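Presented below is the structure to which this report refers.
The values are calculated or read from the model by the stated rules, or taken from the named source; none is laboratory data. Given the structure is predicted, the values throughout are model-derived calculations rather than measurements. Neighbour counts run over all protein chains shown; Cβ positions are idealised from the backbone, glycine included. Accessible surface is based on the protein model in full, side chains and every heavy atom, while ligands, DNA and RNA are left aside. Shrake-Rupley method; radii C 1.70, N 1.55, O 1.52, S 1.80 Å.
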Amino acid sequence: AQSVTQPDIHITVSEGASLELRCNYSYGATPYLFWYVQSPGQGLQLLLKYFSGDTLVQGIKGFEAEFKRSQSSFNLRKPSVHWSDAAEYFCAVIKVGNEKLTFGTGTRLTIIP
Amino acid sequence: DAGVIQSPRHEVTEMGQEVTLRCKPISGHNSLFWYRQTMMRGLELLIYFNNNVPIDDSGMPEDRFSAKMPNASFSTLKIQPSEPRDSAVYFCASSPGGSFEKLFFGSGTQLSVL
């Protein structure tokens, strides 16, 4: 069973518009949650992570994510995207008790002028 | 800090040949991870090491795949013999503190097996 789901394969937004990328997990207990970004031809870079505490997490590059237990979601947001945000975004989880990091299938973000 | 360094960036080989991918983790990091990325299967963990010791190799697809970490600054992933279905991008990552909580990825090796 897929443990982390990113329902959107590809999203296109205009530069300056707001962005929300969806991520859902399917564990009963709250896992550790992460967002990574992969620019073309590059490895992945950690944007932000959630372990516990404040459910709104701030990351690098102006990104934030909100953990919602009731929806088993950890959606990534940015109020105003820049052309340089075009990349592939991966949600990932560590299930408590299973220390391995498991990635979602990714969402490719395209920015149009 | 130079980050995680992988070599080569690109490798094209013929089916049946041996392929060796190399990784130098960030100095001071004591965990190292090998991931494979394909369109069909996304990012898959192949194996990871803590303090040079393999901890979990359950993701290694077949006996054709092997990984070593002879010291804290070097690891190899070997495929022998290679097959076209091994074509993928192979990423190495390292982390401090022996956990998955913050991985630093290399730029990957694009492997094409013809």
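Quick one: buried accessible area between B and A, total over both chains, 1.4 angstrom probe, nearest 100 Å²? Before the final figure, lay out each step's value.
Values: alone 6200 and 6200 Å², together 10970 Å².
Buried area (both sides, nearest 100 Å²): 1400 Å².
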Would you mind counting up the charge near A:Lys100? Only other residues with Cβ under 11 Å from its Cβ, with Lys and Arg at +1 and Asp and Glu at -1. -2
If we count every other residue with Cβ under 11 angstrom of B:Gly42's Cβ, Lys/Arg +1 and Asp/Glu -1, where does the sum land? 0
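Once you list every other residue whose beta carbon is under 12 Å from the beta carbon of A:Phe63, what net charge do they have if Lys and Arg are +1 and Asp and Glu are -1? Show your work: numbers first, answer last.
Details: positive: A:Lys49, A:Lys61, A:Arg77, A:Lys78; negative: A:Glu20, A:Glu64, A:Glu66, A:Asp85.
Net of charged neighbours comes to 0.
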Counting only residues 5 or more places away or on other chains, whose amide H sits under 5 Å from the amide H of A:Ala17 once H atoms are built in the peptide plane? A:Val81
For chain A, the convex hull over Cα atoms projects on average to an area in nm² of 6.9
Taking only C-alpha pairs under 8 Å that are 6+ residues apart, what is the relative contact order of region A:44-113 in percent? 20
Give the lysines reachable from B:Lys24 as a straight Cα distance under 16 Å; neighbours fewer than 8 places away on the same chain don't count. B:Lys68, B:Lys78
Alpha carbon centre of region A:36-113 versus region B:77-114: separation in Å? 21
Size of the protein assembly as shown as Cα extents on the principal axes (Å, biggest first): 48, 40, 38
quick note, chain B, DSSP beta bridge pairs, % antiparallel (nearest 5) is 90
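Percent of accessible area on region A:1-94 owned by carbon and sulfur, 1.4 Å probe?
On the way: 2160 of 4410 Å².
With neighbouring chains kept in place, the figure for region A:1-94 is 49 percent.
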Cα to Cα, under 16 Å, and not fewer than 8 places away if on the same chain: which lysines meet these conditions relative to A:Lys100? A:Lys49, B:Lys102
For the protein assembly as shown, the per residue accessible area (1.4 Å probe, Å²) is 48
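Per residue of B:99-108, how many C-beta atoms from partner chains lie within 10 Å of its own C-beta, taken as a mean? Write out the running numbers ahead of the final one.
Working: counts 4, 10, 8, 4, 8, 4, 7, 3, 4, 5.
Per residue, the number of nearby Cβ atoms from other chains is 6 on average.
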